[in-house]
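Comments concern the structure below.
The values are calculated or read from the model by the stated rules, or taken from the named source; none is laboratory data. In this text the structure is predicted, and so the values were computed from the model without any measurement. Positions of Cβ are backbone-derived with ideal geometry, glycine not excepted, and every protein chain shown enters the neighbour counts. Side chains included, ligands, DNA and RNA excluded: accessible areas come from the protein's heavy atoms. Shrake-Rupley method; radii C 1.70, N 1.55, O 1.52, S 1.80 Å.
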Amino acid sequence: MVKEKPNSTRIYDEDGYRRRAACLCVRSSDETEILLVTSSRTSDHWVVPGGGVEPNEDSSEAAIREVMEEAGVKGVLGRCLGTFENTERKHRTSVYVLVVTQELDEWEDSKSIGRQRRWVKVEEALELLAEHKPVQCSYVKLLTQSERKVP
């Protein structure tokens, strides 16, 4: 199902969950640091970059597009960690690992909403996400437990 909203089109699955995609952006194959961005809603909260899947786009394409828009990074898409449900917000998010190869000085969200990015150790990411984004903590925990398959 597709719903048109001002400035966006939202895609929903057969259960009525909004389809989303995100990336845990890592600096290197050791995956000890990830990139977080400031929330578009609350600039003192940090989040994993991601957003809605658009029409005629698969989740991997959406994940790559979203990290470029929100974090200003490009890289090599790696493994999918899975699809995570947020029952409170009625989202299903496919989460990928992206090894960053390029960081832009300016990007769409840095110019339009002043979004910041920050590299943090996995342990610090878990602390930053715990209070406001517990579902995103589950992505990060799975990163440390899953088998690394560097592209």
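Things to note:
- Residues (open to solvent by 60 Å² or more (accessible area, probe 1.4 Å) and free of Cβ contacts under 8 Å to residues at least 60 places away in the same chain) located in the stretch 114-140: 123, 124, 127, 131, 134
- The stretch 11-43, residues that are touching a Phe, Trp or Tyr at 6+ places or on another chain (Cβ under 9 Å) and of a type in the set (Asp, Glu): 33
- Scan of the stretch 48-69 for residues that are touching a residue at least 40 places away in the same chain (Cβ under 8 Å) and basic (Lys, Arg), ordered by number: none
Here's the yes/no breakdown for (1) within 16 Å of residue 140 (Cα to Cα); (2) in contact with a Gly (Cβ under 9 Å, 6 or more places away or on another chain); (3) at pLDDT 95 or above:
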| residue | (1), (2), (3) |
| --- | --- |
| 34 | yes, no, yes |
| 65 | no, yes, yes |
| 68 | no, no, yes |
| 85 | yes, no, no |
| 104 | no, yes, yes |
| 109 | no, yes, yes |
| 119 | yes, no, yes |
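- Of the residues making up the stretch 70-82, those that are touching a residue at least 24 places away in the same chain (Cβ under 8 Å) and open to solvent by 30 Å² or more (accessible area, probe 1.4 Å) number 5.
- Checked across the stretch 84-106, the condition of being among the polar types (S, T, N, Q), open to solvent by 80 Å² or more (accessible area, probe 1.4 Å), closer than 22 Å to residue 18 by Cα and more than 12 Å from the chain's Cα centre (by Cα) holds for at least one residue.
- When restricted to residues that are closer than 14 Å to residue 69 by Cβ and open to solvent by 50 Å² or more (accessible area, probe 1.4 Å), the stretch 39-57 contains 2.
- All conditions but one from (1) under 18 Å from residue 112 (Cα atoms); (2) assigned to a strand (DSSP E or B) apply to residue 40; the one that does not is (2).
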